[in-house]
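Undergrad: Take this structure, written in structure tokens, and hold onto it; I'll ask about it next.
The values are calculated or read from the model by the stated rules, or taken from the named source; none is laboratory data. Given the structure is predicted, the values throughout are model-derived calculations rather than measurements. Ideal geometry is used to build each Cβ from the backbone, glycine not excepted, and the neighbour counts take in all protein chains shown.
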Amino acid sequence: MENFWDKRYNTNEYVYGREPNAYFKSKLDQLNPGSLLLPGEGEGRNAVYGASIGWQVHAFDSSVVGREKAKQLAWENGTTIHYDIATYQEYDPRSLRFNAVGLLFTHQPPEMRPGFHRKMIEALEPGGIIILEGFHKDQIYRDSGGPGNLGYLFSEEELKDDFSRLEIIELNTLVRNLDEGSFHQGEAAVVQLTARKSG
């Protein structure tokens with residue numbers, strides 16, 4: 001997969017745009033800045049936004065090319081981010097705790113998803129917040145972005161199960177217009193979730 005993402009990001013264009021995900025931004029703006037974890041961060045648009053409003057940002061991705069573009073974007077915006085190279089399965093946050101975790105289109109095989117989400121819950125401080133947006137299973141019928149594999153897409157029921165240890169503040173399925181670079185364009189079926197770890 002590293003090869004796939006390195007090839008996708010190997011262009012002067014920021015293929016998912018330079019601006020943060022709209023849902024993530026709307027939720028992060030309501031929180032007091034603290035420590036933020038961003039898995040699968042790619043070219044850095046969400047990490048750089050978080051850092052620009054005072055968050056201490058830790059990001060990771062399997063793509064070296066993505067990390068270099070994220071560092072460039074951070075430099076252009078006068079911010080700094082901590083960015084590791086790791087896959088979803090390799091990354092081990094247990095020595096760290098975060099006030100927020102942003103899971104933005106972090107799709108993966110269904111046999112890996114629940115374990116990864118458990119790991120993200122463990123990475124939260126008490127009172128910490130998960131902010132998630134991903135493609136709903138209905139996205140399989142659309143060409144506005146996302147993996148073309150039904151098992152990689154989300155349903156509300158799966159996310160309720162995965163995050164049952166948290167207080168689910170918001171969980172919605174909707175169709176919205178994506179305008180995030182060249183690979184997230186047009187009407188898309190998404191799931192949005194905000195959940196809190198009990199303090």
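Undergrad: Report yes if residue 119 is over 15 Å from the mean Cα position of the chain (by Cα), among the basic types (Lys, Arg) and not in a strand (DSSP E or B), otherwise no. Lay out the reasoning, then the answer.
TA: On the way: over 15 Å from the mean Cα position of the chain (by Cα): no; among the basic types (Lys, Arg): yes; not in a strand (DSSP E or B): yes.
No, not satisfied.
Undergrad: Quick one: residue 16 ticks every box in (1) touching a helix residue (DSSP H, G or I) at 6+ places or on another chain (Cβ under 8 Å); (2) farther than 26 Å from residue 177 by Cα; (3) crowded, with 18+ Cβ neighbours inside 10 Å bar one, so which box is it?
TA: Condition (2) is where residue 16 drops out.
Undergrad: Which of the residues spanning region 52-77 are aromatic (Phe, Trp, Tyr) and assigned to a strand (DSSP E or B)?
TA: 60
Undergrad: Now for a separate question. Scanning region 148-159 for residues that are outside any helix (DSSP H, G or I) and modelled with pLDDT of 95 or more, which turns out farthest from residue 114 (Cα to Cα)?
TA: Per the criteria, the residue is 149.
Undergrad: I've got another one for you. Tell me yes or no: at least one residue of region 160-177 is under 15 Å from the mean Cα position of the chain (by Cα), modelled with pLDDT of 95 or more and crowded, with 20+ Cβ neighbours inside 10 Å.
TA: no
Undergrad: Which of the residues belonging to region 46-81 are farther than 24 Å from residue 97 by Cβ and either surrounded by 21 or more Cβ atoms within 10 Å (Cβ to Cβ) or among the polar types (S, T, N, Q) (or both)?
TA: Residues satisfying the conditions are 63, 66, 69, 72, 77.
Undergrad: Go through (1) under 15 Å from the mean Cα position of the chain (by Cα); (2) under 22 Å from residue 147 (Cβ atoms) for residue 57 and report which single condition fails.
TA: Only one criterion in (1) under 15 Å from the mean Cα position of the chain (by Cα); (2) under 22 Å from residue 147 (Cβ atoms) is unmet by residue 57, namely (2).
Undergrad: Just checking, which of 19, 43, 90 is in a loop (DSSP other than H, G, I, E, B), of a type in the set (Asp, Glu) and under 19 Å from residue 117 (Cα atoms)?
TA: After ruling out the rest, the residue left standing is 90.
Undergrad: Can you tell me which residue within region 25-50, out of those that are among the hydrophobic types (A, V, I, L, M, F, W, C) and closer than 24 Å to residue 126 by Cβ, is farthest from the chain's Cα centre (by Cα)?
TA: 31
Undergrad: Related question: Checking the conditions here, which among 143, 138 is more than 16 Å from the chain's Cα centre (by Cα), surrounded by 14 or more Cβ atoms within 10 Å (Cβ to Cβ), more than 21 Å from residue 50 (Cα to Cα) and of a type in the set (Asp, Glu)?
TA: 138
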